[in-house]
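Okay, structure first, notes after.
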Amino acid sequence: MTRFLARALGCSILVLAGCLDIAGASEPIDLGTSLELFVDGRLIDQLKDARLEMHSPQPRENVLEFDQPWEGIYSGYETVLDTGSGFRFYYRGLPVAKHTLDAEVTCVAESADGIRWMKPKLGLYEVNGTKDNNVVLARHRGCHNLAPFLDTNPDAPADQRYKALRGTGDPGLIAMVSPDGLRWKELQADPVITKGAFDSQNNAFWSESEKRYVCYFRVFRDDTRWIARTTSKDFVHWTDPVDLDLGGKPRQHLYTNQFHPYFRAPQIYLGLPTRFFPGRRVVTEEEARRIGTPMEWGYANDCTDILFCSTRGGAEFNRMFLEAFIRPGCDLRNWTSRANYAARGMIKTPDGEISLYVKHNSGYPTNHMRRYTLRPDGFVSVSAPYSGGEMITKPFVFSGRRLALN
């Protein structure tokens, strides 16, 4: 059994003593060979003159403009995937403020490095009089919020390598499958999940740690947008949904959830929910006119930011920090309604950093995706003032002969 006493200096940890035998210690946590992050309190027993500190990602370049006629100012609900041979963006194209079968399409962009993106000409659907486009789904209810994932279940059939759930309300979520992520079909006509609102991204994935499919989706509680979850062993039969626990924190409008297994530690699901503040107006009437704020959906009356959260399954919901992970910044067009949305997913880019992506300026002709970066695993650290501090972990065991502590 191992327990570590570490001294925190700034944002680094210096190991002072290892293999401390502590009489009467609780049953140790078995880490196996997994990477662990300080995104929750699972490993921490005591902090003395030290604290957990969240590190916000750094804004980089704009990587994707929604500039095609079938994309437009209300494009959104993005998902980024590592396909093993490159990266893909999936997103809704919507040039007008109408959620109709004719207006909404699902688009794709591709990249070899996660920095430079191109829109392939797929020739799958005719939209606006041409098949010379990047559309992978059209004239289908799934276009509103299709959020694909690459199925890593070893038992998944080859023609179902990509999966997604789609739906915006009644009758519920329909299971979608694809062999290549480009050509989609319904797994069955009947909905597989029926208890929920579903009018946001419905984020499903195969969980290596739980050995089942997991889906996080929207519900309404006390007239507030909230998150529920359900699980399945076959992607067809799902358990009764369970609301995520408040954990003593306030209930807030969480417009999206963006939960996904962190690719370096898949037993931890990281979320980047957009936090919606209805009625919190920032821009003045004159500013709204000057920047061309759309009149649809009361765009000048609300604002948003992006939170960082985590869970390991069940009803657990760790909002260790209620401060914004990504803020709107100086652009007034990011201080209006529904203007800031993180894409679901994170990838490792050639610069050695973790890249994540945020949609800004939603509802404006400048609607776009921007890349943000963090050092690997650099979401939360144990930090202390110049005088130093201490952290003692809970007892744990691990496999192997060497333990690395960053």
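At R0 = 60 Å, how high is the FRET efficiency between E110 and S26 if r is their beta carbon distance? Nearest 0.05 is fine. My answer for the efficiency is 0.75. Taking the number of Cβ atoms within 10 Å of each Cβ as an exposure proxy, the fewest-first ranking of F308, F38 is F38, F308. In straight-distance terms, cross-link reach from K48 covers every one of the lysines whose alpha-carbon lies under 19 Å from its own, apart from those fewer than eight places away in the same chain; here that gives K394. Averaging the sequence gap over all C-alpha pairs within less than 8 Å and six or more residues apart, then dividing by the number of residues, gives the range 342-406 a relative contact order of 21 percent. Mean residue ellipticity, 222 nm, helices only, the chain: the sum of -39500 (n - 2.57) across DSSP H runs of n ≥ 4, divided by residue count and rounded to 500, is -500 deg cm²/dmol.
Readers should treat all values here as calculations from the given coordinates under stated rules, not as data from a laboratory. From a predicted model like this one, the values you see are computed outputs, not experimental measurements. Every residue, glycine as well, gets a Cβ built from its backbone with ideal geometry; the counts of neighbours run over all protein chains shown.
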